[in-house]
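Everything below concerns the one structure shown next.
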Amino acid sequence: MKTIQLTIDETLLTAVDEAIKALNTTRSAFIREALSLALQRCKIAQFEQEHAEGYARRPVEPGEFDMWEVEQVWGNL
């Protein structure tokens, strides 16, 4: 692991300190997890953008997914 220096707003730091106390963890562990989750969100956003661009390049054709309509029916719940 590498040690870094971080500047953080006091209000945010107070909230982090309250959270780490409730979770019985450390600032470092909490921030590592937060960064990991933020990176996952970035990756998901990238996949969603690529997905949207793919459909923009090749839109769904009429009738392309008609064979799956039966699979989408849940019936009477």
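Taking 0.36 nm per intervening residue step and subtracting the Cα-Cα distance, what contour gain separates GLU50 from ILE20 on full extension?
Stretched out fully, the GLU50 to ILE20 stretch lengthens by 7.2 nm.
Full extension from TRP68 to LYS2: what is 0.36 nm times the residue separation minus their Cα-Cα distance, to one decimal in nm?
18.7 nm
Would you mind putting 48-59, 19-30, 65-76 in packing order, based on average other-beta-carbon counts within 10 Å, highest first?
Per-residue mean Cβ counts within 10 Å order the peptides as 19-30, 48-59, 65-76.
Calculate how steeply helix 27-57 sits against the longest principal axis of the alpha-carbon atoms of the chain, using the helix alpha-carbon long axis, and give the answer as 0 to 90 degrees to the nearest 10.
Taking the Cα atoms of the chain, the angle to 27-57 is about 20 degrees.
Just to check, using Stokes-Einstein with a Kirkwood Rh over alpha carbon pairs, what's the diffusion coefficient of the chain at 37 °C and 0.692 mPa s in µm²/s?
190
Values in this text are rule-based calculations from the coordinates and carry no lab data. Remember, predicted model here, so these are calculated numbers, not experimental data. No Cβ is skipped: glycine too gets one built from the backbone with ideal geometry, and neighbour counts run over all protein chains shown.
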